[in-house]
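The block underneath contains the structure these notes are about, expressed in structure tokens.
The values are calculated or read from the model by the stated rules, or taken from the named source; none is laboratory data. Computed from a prediction, not measured in an experiment: that's the story for all the values here. All Cβ positions, glycine included, derive from the backbone under ideal geometry; neighbour counts span all protein chains shown. We work out accessible area using only protein heavy atoms, side chains counted, and drop any ligands, DNA or RNA first. Shrake-Rupley method; radii C 1.70, N 1.55, O 1.52, S 1.80 Å.
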Amino acid sequence: MKWTYDWLCDWLKTDLDANQIADVLTRTGLEVDDVISPIAPIAAKIVECKPHENSDHLHVLMVDDGTKKLRQVVCGAPNARVGLISALALPGCVIEGHEIQSGKLRGVISDGMMCSPRELGISDDHSGIIELDEKTKIGTPVIKSETVFDAGITPNRPDYLAVRGIARDLSACGAGQFIDKKIPELKPVKSARNVIIKTDKCPTYQFCEISGVKIAPSNDTIKSRLAAIGINPKNAAIDATNYVCYDLCQPMHCFDADQIHGDIIVRNATAGEKFTDLFGGEHTLTDADIVIADNDGILALAGVVGGARGMTTNDTKNILLESAYFAPVSVRKTAKRLGISTDSSYRYERGIDPTVSGVALAYAADIIMRECGGKITGTGIGGAIKTPDVKIEYSPELFTKKTGIEMDTETQSKILTGLGFAVDKHGDKWTITPTPARVDVVLPENIVSELVRIYGYDKIAENAAHHASDMAAHNDGDLWLKNILASRGLNEAESFGFGNSATEALIYDDAPIKILNPIVADMDTARRGLLGNMLEFVASNEKRGFPDVNLFNVGVVFDGDAPNAQHTQCVIVRSGNTSPRHWTRRNRQVDIYDVKSDLIALMQNQKFTVDTENAPRWAHPFRYGAIYQGKKKIAEFGELHPMVARALKIKTNVVIAVVDNIENLPRPRRAHEPVISEFQPITRDFAFIVDNDFAAEKIVATARGADNRISDVVIFDAFDMGDGKKSIAFTITITPTENMSDGDLMNLQNSVIKSVESKCNAKIRDK
């Protein structure tokens with residue numbers, strides 16, 4: 001999005017300069033990539049004109065640019081002559097998107113360029129260099145130099161595609177006062193034409209007919225502003241639609257009314273129907289494309305591009321000006337399929353203000369009639385302008401709950417009204433109606449986001465009620481989880497919220513949640529889990545020679561296509577070797593006990609059991625385990641199934657841990673809770689004889705569950721005794737909560753022995 005500083009000042013009364021404006025916008029969410037203050041071409045007088053020695057049409061000019069030193073310029077214009085005052089673009093000037101530089105033309109130095117009216121953006125005349133009045137002062141700018149802002153617009157902020165929308169945001173930030181310009185109303189005039197809408201993709205379509213026009217150039221203000229942002233001015237009629245498109249974010253089109261036969265019909269195209277656009281390109285349409293037509297056929301591709309038939313030319317006498325709202329998804333699908341991107345489609349795809357079409361129509365009609373004359377001889381409307389019924393129930397307390405920042409209700413109300421939102425207060429219950437241009441604001445959390453943005457992200461750290469460490473201690477968010485995993489040598493990976501249906505079919509039993517209009521072909525689902533993307537990361541790294549990865553990802557996954565059918569999952573993936581090869585240590589491949597250790601760290605010393613049954617599709621059936629607390633599955637871990645690895649072309653070994661819902665994990669203790677007992681920990685060793693096929697993990701869990709004071713159990717020895725038996729030896733750590741006598745300690749030991757012997761079919765070793 002580009003706009004000029006003086007254009008912005010039509011909507012904003014401000015004392016800030018362009019760079020200060022750019023800083024405010026960037027701080028509040030609109031990143032300004034560049035502020036361009038171009039060098040304007042200046043008036044220069046030709047004092048010498050000689051033929052170029054190596055060309056039959058070029059001239060070597062010596063021009064006076066007001067610096068008392070003549071400048072040599074090579075020029076090919078047929079009207080170049082001594083005494084002519086014309087426009088000189090000095091090195092550094094940007095003309096039609098190209099920066100002028102000193103250089104040689106046919107072996108002769110040219111230190112600038114003489115400009116035609118078209119190159120100056122004044123008209124389409126390119127027959128020669130511009131001829132200025134002989135009274136023009138040498139060295140003065142020929143055209144007004146416009147300071148231009150260039151900013152990247154995120155898809156969620158279509159209101160930033162209007163200069164008016166940018167001005168309103170700046171006003172809310174305190175960067176100036178918003179000017180609510182009064183645009184002349186368009187009074188209804190009965191027309192012989194009707195609007196017939198035959199599709200639900202066009203809620204409203206309006207037009208006005210302006211008869212008796214004489215096509216003329218736009219005024220200097222509109223011409224200079226359009227030229228500054230890279231739009232070549234054509235004539236007042238076409239320029240008006242381009243200007244209003246940028247000013248109000250309402251795409252429009254201007255037809256030659258004499259080329260339209262009958263009513264305006266908004267309909268779906270017939271499959272196979274042909275359409276030639278105003279650039280001469282021919283397209284074959286489908287029945288999903290929306291077109292503007294008359295009795296003779298298609299006039300325009302709705303929301304995308306106008307047609308060759310009915311286009312406005314310099315001979316046009318009567319104009320039909322359209323302003324409409326088209327469904328964003330429909331416009332996007334058509335534009336994407338045909339490979340056409342225009343200012344119009346760019347805006348419709350993101351969603352424009354559905355209430356501005358009438359205002360924009362009156363605005364453009366007024367501009368045209370001021371320059372081209374004529375009068376309105378007919379108006380028409382199909383459908384109805386519908387104001388979005390978005391009312392958000394909000395409480396000012398939500399702001400502090402979500403951000404940790406204290407902001408009084410008066411400040412909140414002032415910011416919201418500054419953004420154009422209507423605020424209806426009933427005590428601490430507010431009903432907020434966003435301005436129709438803010439199609440992205442639909443939830444209370446959006447209101448919080450707007451308040452933070454305007455309040456200033458840079459103020460959060462100094463005014464926050466909680467520091468980051470306090471928030472982690474109070475279990476806010478997933479920072480505590482990420483800190484634990486990062487401390488174990490894992491690197492955080494980030495992935496999109498989409499998945500690949502082919503990959504998901506390999507690893508999940510549930511059907512993929514397909515996306516109707518994916519951004520790219522191989523990201524065509526709302527992801528069921530994080531594992532698919534993580535495995536693609538492993539495959540990509542291995543392909544590039546980096547098989548050893550240790551990654552984790554915490555993110556939202558989807559349970560279905562209903563609102564809020566989602567939860568937060570954590571996936572850990574380790575592959576290759578545990579460490580690089582080195583002479584000081586023995587290297588080994590990662591195994592399932594590495595990711596099991598990661599999960600144990602997340603269990604915060606709480607008791608759990610492990611079950612090895614019912615391995616999921618992604619896991620090796622004999623190298624898998626699931627961690628339970630009671631009957632609740634907390635997490636699972638295992639080695640990647642060889643068939644899945646082969647399908648994804650992964651050759652290295654991969655081990656995986658999945659916490660399907662991080663809400664099931666035990667949270668860290670709060671800051672005020674004691675972490676370390678004031679009593680000395682006590683350790684005791686045990687050894688039991690069990691069957692060879694009995695899982696050691698079950699012995700550990702049983703021993704740990706024998707008494708609440710047992711905080712840890714670690715196996716330190718295991719060996720085969722023959723006859724189908726094995727010995728398992730472990731150490732328990734006891735964290736007393738009060739003084740323990742020898743009798744208390746003996747009772748605890750006996751409790752461990754009794755529990756393990758009865759539940760694990762084990763026998764205590766006496767020697």
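Around the amide H of Phe498, modelled in the peptide plane, lie the amide H atoms of Arg527, all under 5 Å away and 5 or more residues distant in sequence or on another chain. The residue list Tyr205, Val644, Ala687 was ranked by how far each Cα lies along the charge dipole of the chain toward its positive end, using unit charges on Cβ atoms, and Ala687 comes out on top. When the Cα atoms of region 75-195 are aligned to their principal axes, the ranges along those axes come out at 57, 46, 31 Å in descending order. Rounded to the nearest whole angstrom, the semi-axes of the ellipsoid equivalent to region 598-665, taken from the Cα gyration tensor as √(5λ), stand at 24, 12, 10, largest first.
Considering region 641-731 at the alpha-carbon level, its Rg and Dmax are found to be 19.5, 55 Å. Scanning the chain for long hydrophobic helices, with DSSP H runs required to stretch 20 angstrom or more by C-alpha along their axis and to average at least -0.5 on the Kyte-Doolittle scale, returns 357-372, 742-760.
For the chain, the Cβ-based charge dipole about the Cα centre amounts to some 840 debye (Lys, Arg positive; Asp, Glu negative; other atoms uncharged).
Only helical runs count toward this figure. For the chain, summing -39,500 (n - 2.57) over DSSP H runs of n ≥ 4 and dividing by all residues gives -7500 deg cm²/dmol at 222 nm.
The alpha carbon centroids of region 706-730 and region 370-384 are separated by 90 Å. Taking all protein chains together, Leu479, Leu516 sort by accessible area into Leu516, Leu479, largest first [probe 1.4 Å]. Put the Cα centre of region 290-359 next to the Cα centre of region 67-81 and the gap is 45 Å. Placing a pseudo-label 7 Å from each Cα along the Cα-to-Cβ vector at Ile689 and Thr26 gives an inter-label distance of 7.7 nm. Can you tell me how region 509-548 classifies by the Cα gyration tensor, rounded, prolate or oblate, using a/c under 1.5 as the rounded cut? It is oblate, given that a/c is not under 1.5 and a/b is not larger than b/c. Measuring between their Cα centroids, region 252-289 and region 142-217 lie 23 Å from each other.
Using C-alpha pairs under 8 Å with a sequence gap of at least 6, the mean separation divided by the residue count of region 142-278 gives a relative contact order of 31 percent.
For region 639-767, the relative contact order works out to 28 percent when only alpha carbon pairs closer than 8 Å and six or more residues apart are counted. Computed from point charges on the beta carbon alone (+1 for Lys and Arg, -1 for Asp and Glu), the dipole magnitude for region 64-160 about its Cα centre is near 440 Debye.
Roughly speaking, to the nearest percent, how much of region 214-320's 1.4 Å accessible area is carbon and sulfur? Reported share for carbon and sulfur atoms: 48 percent. Please work out whether region 212-252 counts as rounded, prolate or oblate from its C-alpha gyration tensor, where a ≥ b ≥ c are the square roots of the eigenvalues and a/c under 1.5 means rounded, while otherwise a/b larger than b/c means prolate and anything else oblate? Taking the square roots of the gyration eigenvalues as a ≥ b ≥ c, region 212-252 is oblate. Maximal additional length on extending the Lys754-Asp717 stretch stands at 11.3 nm, based on 0.36 nm per residue less the C-alpha distance. The share of accessible area on region 321-366 that comes from carbon and sulfur is 54 percent, using a 1.4 angstrom probe.
Across the chain, the relative contact order, built from alpha-carbon pairs under 8 Å that are at least six residues apart, equals 9 percent. The charge dipole of region 691-767, taken about its Cα centre with unit charges on the Cβ atoms of Lys, Arg (+1), Asp and Glu (-1) only, comes to about 140 debye.
Mean silhouette area of region 215-321, derived from the convex hull of its C-alpha atoms and averaged over all directions, reads 7.0 nm². Applying a threshold of 32 Å to the alpha-carbon distances of Lys234/Lys414; Lys543/Lys631; Lys514/Lys651; Lys182/Lys317; Lys514/Lys543; Lys2/Lys333 flags Lys234/Lys414; Lys543/Lys631 as lying beyond it.
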